[in-house]
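J.: I am attaching a structure below and will ask some questions about it afterwards.
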Ligand code: MSP
């Protein structure tokens, strides 16, 4: 075994801009890379873009570019973002690069020599958006993953995937680390057991791809091309020695999203078995991010842009949130409220306060000088024991990709150190001259713990780790420092002086929910314009006379003063006003430009306006002060 640890992200389609999901995958790879480096591994970390295929060709044409110009331009979105997210990749691979084309040719050659490629005819459905041929049994309402599929019938070359069913099941069974987490492994096994179909690996209907040397006019179907990128990144075909160290004798880990697990845990290992190449050690599949409880999608307009989030909250807070919030393998929800809570409580409060209090007290009691005097008590033993346990637990969780748990381990230790301050009460020790040595020991332990904490958080928050050690008065390069170097208690150089305290994470005030008191998107049934409304003449009228109508028990007739004349109005409210005389003298509202009608032999020259409350009809009464004849608008 070499000391090499090789980790890869998927290579992303450059058609779409990177978002929080792609950022998450890449940040995971970065966190693992940095962790493995401080553990002493030689880490290679490859990310890149998947530049061939029909979708890219179509997008290029639509935007007026050649495919190559298009991918040259789009690929920059990724390199720029990875730099901004502090991604420490050692390689950035593009499938249009010559070194990759060479390695794809080599793989096809080997698989073909093994007799695993044959010429056939593909008849069936193809999903352009997912770049995959779709077996009938995976169609739902004629669609694949909710997207249209097209009928295709063409000569195609096939890879004998079905031949590897048993070998794949055996490999998965014998290598418990091959698929992570466990739940995903069960999914893959169930899928293989349903039976695998041979895989079409060439296309003739577009030409933006690596030509298949077996027959003119065929280009290699994207997944055979894309997956091989992992070999290219390890020096396959280019440098045998490097490839031996990185791939054949090193640890190989692919980090992917759950959407592409089958390609990585079935097709890819089968290709490698056929080509006689060692299989990756681990394929780790994470879940998907939703946004404020909803699926993230362009059409919903809720795609989270990592750059904007970094501007709002800061890079390390963003990285911390993603890694802390999601349980690896399961879906997680990206929410502003949860983000602010994490920043305020975990980062500003727990971590920030520990650093601030420590630096402040060291300055006050020892003029910032860190002195080692060993006057121990039981709390010291407890914190040292917990430190050992933290490093061990963290390692287990990191190796299992359980990042959220790993961070909880670190925060448990941070919480313990905050408690240590309260238990040891340095402010009381400082009052008693005979306890000076104990005070310096307590303070030393606090400083040493922060030095250690900076090392543990470094993979997750590299800038913050740097800031902490600077404030601790150290000039440390995390690229060379190893976890082992600081593991022993007492690794902080005694006699050193701390620097000034600068807050790491300012608290974010939670703005009062900016929710409107009304529904902005209210649907108005049959809307009218203001001109329509102005056609209606409504005025305040005074009731002068009120009488029942013979043979019409529902109706009352009124004489009203409109301010300009007297009118008769008939109204169907008799039931609600058994004593109609009480209405005399009241001011109410009436529509005055309705066409006159005759009701039960009585002329009605308007309509009194009413409301209905709990099925009871009432006239709309107006205060007596309002002048008769006032217009209601
Ligand atoms: N080009 C292929 C991969 C080839 S690898 C040999 C591809 N590219 S992609 O651009 O569609 O990226 C897919 C990856 O993006 C997912 O596997 C996942 O890592 C990430 N994510 C995309 N949307 C995501 C979420 N909403 N949440 C989390 N990750 C998501 O497939």
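The values are calculated or read from the model by the stated rules, or taken from the named source; none is laboratory data. Remember, predicted model here, so these are calculated numbers, not experimental data. Glycine gets a Cβ as well: all are built from the backbone with ideal geometry, and neighbour counts include every protein chain shown.
J.: Residues that are over 27 Å from residue 253 (Cβ atoms): which helices (runs of 4 or more DSSP H) entirely in segment 299-415 hold 3 or more of them?
T.: Details: elements: 306-313, 315-325, 336-342, 353-366, 378-399.
Correct list: 306-313, 336-342, 353-366, 378-399.
J.: Go through (1) closer than 22 Å to residue 472 by Cα; (2) in contact (Cβ under 8 Å) with a residue 12 or more places away in the chain one by one and return the number of the condition residue 328 breaks.
T.: Checking residue 328 against (1) closer than 22 Å to residue 472 by Cα; (2) in contact (Cβ under 8 Å) with a residue 12 or more places away in the chain, the one that fails is (1).
J.: Check residue 7 against each of (1) more than 10 Å from the ligand (Cβ to nearest atom); (2) in a helix (DSSP H, G or I) and name the one condition it does not meet.
T.: (2)
J.: For segment 304-322, give me the residue count where each residue is closer than 15 Å to residue 344 by Cα and without any contact (Cβ under 8 Å) to a residue 12 or more places away in the chain.
T.: The qualifying residues number 1.
J.: State whether the residues of segment 268-279 include one that is more than 14 Å from the ligand (Cβ to nearest atom), surrounded by 21 or more Cβ atoms within 10 Å (Cβ to Cβ), over 31 Å from the mean Cα position of the chain (by Cα) and part of a helix (DSSP H, G or I).
T.: yes
J.: If you scan segment 351-395, which residues turn out to be crowded, with 16+ Cβ neighbours inside 10 Å and within 30 Å of residue 179 (Cα to Cα)?
T.: Matches in segment 351-395: 390, 391, 393, 394.
J.: Which members of segment 473-508 meet the condition of being in contact with a helix residue (DSSP H, G or I) (Cβ under 6 Å, 6 or more places away or on another chain) and closer than 29 Å to residue 375 by Cα?
T.: Hits for segment 473-508 are 476, 482, 483, 486, 489, 492, 498, 499, 501.
J.: Separate question: Taking residue 24 as the residue in question, decide whether it is surrounded by 20 or more Cβ atoms within 10 Å (Cβ to Cβ), away from the ligand (no atom under 15 Å from the Cβ) and assigned to a helix (DSSP H, G or I). Explain how you work it out, then say what you get.
T.: Details: surrounded by 20 or more Cβ atoms within 10 Å (Cβ to Cβ): yes; away from the ligand (no atom under 15 Å from the Cβ): no; assigned to a helix (DSSP H, G or I): yes.
Here the answer is no, as residue 24 does not meet what is asked.
J.: Continuing with the same structure: Show me the helices (runs of 4 or more DSSP H) entirely contained within segment 176-256 in which 2 or more residues are within 14 Å of the ligand (Cβ to nearest atom) and under 15 Å from residue 279 (Cα atoms). It would help to see each step written out before you state the result.
T.: Numbers: elements: 182-193, 222-227, 229-232, 240-243.
Helices (runs of 4 or more DSSP H) meeting the threshold: 229-232.
J.: Please find, among 216, 180, the residue that is over 21 Å from residue 268 (Cα atoms) and either in the same structural domain as residue 281 (by the TED database) or surrounded by 16 or more Cβ atoms within 10 Å (Cβ to Cβ) (or both). Walk me through how you get there before you give the answer.
T.: Details: 180 fails: over 21 Å from residue 268 (Cα atoms).
Result of the check over 216, 180: 216.
J.: Within segment 310-321, identify whether any single residue is closer than 13 Å to residue 85 by Cβ and surrounded by fewer than 17 Cβ atoms within 10 Å (Cβ to Cβ), and answer yes or no.
T.: yes
J.: In the set 417, 398, which member is in contact (Cβ under 8 Å) with a residue 12 or more places away in the chain, surrounded by 19 or more Cβ atoms within 10 Å (Cβ to Cβ), under 29 Å from the mean Cα position of the chain (by Cα) and assigned by the TED database to the domain that holds residue 442?
T.: Details: 417 fails: under 29 Å from the mean Cα position of the chain (by Cα).
Exactly one residue qualifies, and that residue is 398.
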